[in-house]
1. When residue 272 is evaluated against the numbered criteria (1) surrounded by fewer than 22 Cβ atoms within 10 Å (Cβ to Cβ); (2) under 20 Å from the mean Cα position of the chain (by Cα); (3) outside the structural domain of residue 331 (by TED's automatic domain parsing), which criterion, by number, is the only one it fails?
2. Just to be sure I understand, how many residues within segment 114-163 are assigned to a strand (DSSP E or B), over 23 Å from residue 83 (Cβ atoms) and over 21 Å from the mean Cα position of the chain (by Cα)?
3. Please go through (1) touching a strand residue (DSSP E or B) at 6+ places or on another chain (Cβ under 8 Å); (2) in contact (Cβ under 8 Å) with a residue 40 or more places away in the chain; (3) more than 18 Å from residue 50 (Cβ to Cβ) for residue 128 and return the number of the only condition it doesn't satisfy.
4. Does at least one position in segment 262-272 carry a residue that is in a helix (DSSP H, G or I) and free of Cβ contacts under 8 Å to residues at least 60 places away in the same chain?
5. Looking at segment 288-304, can you tell me whether even one residue there is over 16 Å from the mean Cα position of the chain (by Cα), under 20 Å from residue 36 (Cα atoms) and outside any strand (DSSP E or B)?
């Protein structure tokens, strides 16, 4: 191999590198050019999970002293607030009838936290639930039931699962991992997801103390009912689903936060078409946002893609998505339901607008509550 050929090869490789770098830079600059002008979020900081019940949507900022409620008030959609009776907001849950609120009495989540029931019909605070031996750290609703996860005060690796039964709170499992979610399947069986011990099933008032087959020792971050089936996601990128009657899994190569919400496609008669799944990029990555699982006739699949890739998709412009919500970890996500499904919107009122789609709300890790409206993700004002 002579020196002339080597010199030409070096020049060719240098040009190729410059070309590839230029293309990559063009992509970065293109994304930046599509970034919407930032707005100030009404619900700032680190929002809680988002809950819909009785034609209202609830969310708030963790360690704040009020809850925000999005509802139709005399024909006008908008936000109002509910003040906590004491303490600081932790998390929200519902049994389909009332709102349950995890309240930290001070800035220390392990110092005597409580659950307070809020009667939506009368706008009054009701029963208080507490557990002194296992301070409550998480709460979740599944069907008409409320569950909680507690952490033992003197042993930070020892957790318990609790169940709200009428006006009492009782422990149904000791010595497990932190409860990270609850979901009820089509037959009425509740699946409880934990951060290290997989899933457990709960039926009526009994908990199966053996983990669900195929989920043993799984470090789960969230769980949801999708068309009667159960989907759970792990912090390591694993997706579990009982497609075919037993739990199988794949690894999607991303870190799931546990945020999940079903998306309805207006172009397909508002049928469930996607499962939106919050992600957090690894290390210092700015690739966050969420992913989309394709639903097959409303049922889960293992086909997972980025928003803006192929149809159906929840966004009209991938570059705008990447430059906006795609730079923030999504901790909770919900497309606002129709009034017939407990949401605040009457879809039929907007059907004359061909560009209208039900808004999507998303809680980011530290940048407030965001919404997708008119083809653009931005902070919810």
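The values are calculated or read from the model by the stated rules, or taken from the named source; none is laboratory data. Here the structure is a predicted model, which is why all the values come from computation and not from measurement. Positions of Cβ are generated from backbone atoms using ideal geometry, with glycine treated the same way; all protein chains shown enter the neighbour counts.
1. Residue 272 satisfies every listed condition except (3).
2. Residues meeting the conditions: 5.
3. (2)
4. Going residue by residue through segment 262-272, those that are in a helix (DSSP H, G or I) are 266-268.
Retained after the next criterion (residues that are free of Cβ contacts under 8 Å to residues at least 60 places away in the same chain): 267-268.
There is at least one residue in segment 262-272 that is in a helix (DSSP H, G or I) and free of Cβ contacts under 8 Å to residues at least 60 places away in the same chain.
5. Checked against the condition, which is being over 16 Å from the mean Cα position of the chain (by Cα), under 20 Å from residue 36 (Cα atoms) and outside any strand (DSSP E or B), segment 288-304 yields no hits at all.
Every residue, every condition in (1) closer than 21 Å to residue 103 by Cα; (2) crowded, with 22+ Cβ neighbours inside 10 Å, yes or no:
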| site | (1), (2) |
| --- | --- |
| 145 | yes, no |
| 157 | no, no |
| 162 | yes, yes |
| 168 | yes, no |
| 174 | no, no |
| 183 | no, yes |
| 195 | no, no |
| 204 | no, no |
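One line per residue, one yes/no per condition, for (1) more than 23 Å from residue 234 (Cα to Cα); (2) touching a helix residue (DSSP H, G or I) at 6+ places or on another chain (Cβ under 8 Å); (3) outside the structural domain of residue 294 (by TED's automatic domain parsing):
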| site | (1), (2), (3) |
| --- | --- |
| 310 | yes, no, no |
| 328 | no, no, no |
| 331 | no, no, no |
| 341 | yes, no, no |
| 346 | yes, yes, no |
